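Visitor: Before we start, here is the structure in question, set down as structure tokens.
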Amino acid sequence: MIRKSLLMIPGPIEFDPEVLIELGKPTVSHVAPDFIEIFGNTIEQMRVLFQSPDGQPFLVAGSGTLAMDLAGANLTEPGDRALVVNTGYFGDRFGDILNRYGAEVQHIRGEIGNIPDIQAVEQALEQSSYKLMTITHVDTSTGVLNKVKEFAALGRKYNVLVIVDGVCSLAAEELKMSEWGVDVAFTASQKAVGVPPGLALLVAGPRAMQAFHQRKTPVANYYADWYNWLPVMQAYEARKAAYFGTPAVNLVRALHVSLNQILQEGLAARTARHRRISKVFKSALLALNLEQVPQNPDIAAATMTAPYYPQGIQPAEFLSRVSAEGVVLAGGLHPEIRTKYFRIGHMGSVNIADAITTIAAVESGLALSGYRFEPGAGLSAAMQAYLQS
Ligand SMILES: *Cc1c(COP(=O)(O)O)cnc(C)c1O
């Protein structure tokens, strides 16, 4: 018997059937007039999604790590100084990328489950001159939601380019690129944007493009070089074809369908819906006495939940029991606590029925693993949170 299970991890997520149907249609030429129109319109929609009316979108085949690489390769030259506002695994990765392109990287770390001290970041910015700073909006290894607005304001104050990794946030958490002074933001298709893996979406604001044009050395990455992609993006937006590398035609069309859905729902309504569903999960886990990695609700992401296991739970056994109930969850990712917690993703078209199914499977997995609690406590708290919000 084949029964589809519910994919509740922080990407890839459950995809809308309309998006999947679009993906499965016959592939057209990347220079067909219909496709040119769709690609051009998708580029325009990206400015709306990123809230960056004067930004330059880049839509390139690759994963979220390519989006990080695009930002790193195009904005770093050997000897540049970079500050990483580090909230976990993806901050470390960004540091590695910047380092690879010759930057001198300084990390300012928060404790696990917390964001770095804002004064420590300001002090670093005061003490030496940085070209850029990176902020992970939601670090998927901890579920910590960073205070992008506050850190970006510091970036502006010290005239440092602000790069935001929005891979686990964009299209679900509030991110106002232009208003908050963010110079580059990016995401990947398989997270809250709701399209199977394979597309990197990045928008570079005017200061970032200016810094790029003022480079003294060539971009040290051929595929990622904006000089190769900029004419392509500009051409398609002007409803003309251009070629550098074959666009992921089916994925771009699927993204167009998904962005239509997202913009139709409205960004504010979509953010509010994610907050509501997130509260359902967080209330359920609290009722089950499971602690969460983010140290307080103020810095807990709405796109995912990261609960610590109770004492005595074997991670692999628990996850396979939950999976046997039809729900796929993710294990830990942060190297220092990897075996101590698990992760639930709740992005995209996720609704209360998905939440209840997931919480039921979590309760079942916990009970079968020997954890003692009042059966239904999580489900009851979930429904209360849902109906009260
Ligand atoms: C998933 C993720 C990435 C990496 O994306 P891939 O598509 O796996 O390469 C980067 N940053 C964050 C915050 C993520 O959640």
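Any read-out appearing in this document is the output of simple, stated calculations on the displayed coordinates, not a laboratory observation. The structure presented is a predicted model; accordingly, all values stated were derived computationally and were not measured. We place every Cβ from the backbone using ideal geometry, glycine too, and count neighbours over all the protein chains shown.
Visitor: Counting Lys and Arg as +1 and Asp and Glu as -1, what is the net charge of the other residues whose Cβ lies under 12 Å from the Cβ of L329? Working shown, then result.
Guide: Numbers: positive: R321, R343; negative: E325.
Neighbourhood net charge equals +1.
Visitor: Follow-up question, since we're still on this one. Give the order of V105, V362 when sorted by the count of other beta carbons within 10 angstrom, beginning with the fewest.
Guide: On the way: V105 20, V362 27.
So the ranking, lowest neighbour count to highest, is V105, V362.
Visitor: Under a Cβ-only charge scheme (Lys and Arg +1, Asp and Glu -1), can you give me the dipole magnitude of the chain about the Cα centre, in debye to the nearest 20? Don't skip to the end; give the middle numbers.
Guide: Details: 32 positive and 36 negative charges, 35 e Å.
I would put it at about 160 debye.
Visitor: Arranged by the count of other C-beta atoms within 10 angstrom, fewest first, what order do W226, W180 take? Mind showing how you got there, number by number?
Guide: Working: W226 24, W180 20.
Final ranking by Cβ density, sparse to dense: W180, W226.
Visitor: Something else: Between V28 and N228, what is the FRET efficiency for a Förster distance of 30 Å, r being their Cβ-Cβ separation, to the nearest 0.05? Mind showing how you got there, number by number?
Guide: Numbers: r = 23 Å, r/R0 = 0.76.
For R0 = 30 Å, the calculated efficiency reads 0.85.
Visitor: So what is the 222 nm mean residue ellipticity for the chain from helices alone, if each DSSP H run of at least 4 adds -39500 (n - 2.57) and you divide by all residues, rounding to the nearest 500 deg cm²/dmol? Before the final figure, lay out each step's value.
Guide: Values: 14 runs with 169 residues, N = 389.
Mean residue ellipticity at 222 nm (helix-derived): -13500 deg cm²/dmol.
Visitor: Note the angle between two axes, namely the Cα long axis of helix 89-100 and the longest principal axis of the Cα atoms of the chain, as a number of degrees from 0 to 90, rounded to the nearest 10.
Guide: Once rounded, one gets 20 degrees.
Visitor: Moving on to the next point. Amide H of D165: which non-local residues (sequence gap of 5 or more, or other chain) have their own amide H closer than 5 Å, using H built in the peptide plane?
Guide: I135, T136, H137
Visitor: Follow-up question, since we're still on this one. Kindly put D80, D117 in sequence by how many other C-beta atoms sit within 10 Å of each C-beta, fewest to most. Working shown, then result.
Guide: On the way: D80 18, D117 13.
Listed from fewest to most nearby Cβ atoms, that is D117, D80.
Visitor: If I take every Cα pair under 8 Å that is 6 or more residues apart in the chain, average their sequence separation and divide by the length, what percent do I get for the relative contact order? List each step's numbers first, then the result.
Guide: Working: 805 pairs, mean separation 91.9, N = 389.
Over the chain, the number comes to 24 percent.
Visitor: Something else: Label-point separation (nm) for K340 and Q314, each offset 7 Å from Cα along Cα-to-Cβ?
Guide: 2.2 nm
Visitor: Counting other Cβ atoms within 10 Å, which GluC sites (Glu not before Pro) in segment 306-389 have at most 16 and lie in a DSSP loop?
Guide: On the way: sites: E317, E325, E336, E363; in loops: E325, E336.
Answer in residue order: E336.
Visitor: Ok, one more. What angle, in degrees between 0 and 90 and rounded to the nearest 10, separates the Cα long axis of helix 64-75 from the longest principal axis of the Cα atoms of the chain?
Guide: 30 degrees
Visitor: Full-extension gain between R156 and R215, please, as 0.36 nm times their residue separation minus the C-alpha to C-alpha distance. Present the calculation step by step, with values, prior to reporting the outcome.
Guide: On the way: separation 59, 0.36 × 59 = 21.24 nm, distance 2.04 nm.
19.2 nm is the gain from fully extending R156 to R215.
Visitor: If R₀ is 22 angstrom, what is the calculated FRET efficiency for the pair L263 and S5, using the beta carbon separation as r and rounding to 0.05? List each step's numbers first, then the result.
Guide: Numbers: r = 30 Å, r/R0 = 1.35.
Once the sixth-power term is evaluated, E becomes 0.15.
Visitor: Listed highest first by mean packing, meaning other Cβ atoms within 10 Å per residue, what order do 13-21, 56-64 come in?
Guide: On the way: 13-21: 16.8, 56-64: 21.4.
Packing order, densest peptide first, comes out as 56-64, 13-21.
Visitor: Now for a different question. Among K191/K282; K191/K240; K149/K279; K131/K191, which pairs are too far apart, with a Cα-Cα distance over 25 Å?
Guide: K191/K240; K131/K191
Visitor: Continuing with the same structure: To test your reading of the geometry: what angle, between 0 and 90 degrees and rounded to tens, separates the Cα axis of helix 315-324 from the longest principal axis of the chain?
Guide: So the helix axis and the longest Cα principal axis differ by about 80 degrees.
Visitor: Would you mind getting me the FRET efficiency between E122 and Q384? Use the beta-carbon distance for r and R0 = 45 Å, nearest 0.05. Write out the running numbers ahead of the final one.
Guide: Numbers: r = 41 Å, r/R0 = 0.90.
That gives a FRET efficiency of 0.65.
Visitor: Tell me the net charge near F281. Cut-off is 12 Å between Cβ atoms, F281 excluded, with +1 for each Lys or Arg and -1 for each Asp or Glu.
Guide: Working: positive: R275, R276, K279, K282, R343; negative: D354.
Here the count lands on +4.
Visitor: Now for a separate question. When the label point is put 7 Å from the Cα of N351 along its Cα-to-beta-carbon vector, which residues of segment 257-278 have a backbone N closer than 19 Å?
Guide: Within reach of a label on N351, which here means backbone N under 19 Å from a point 7 Å along Cα→Cβ, segment 257-278 contributes 258-267, 269-278.
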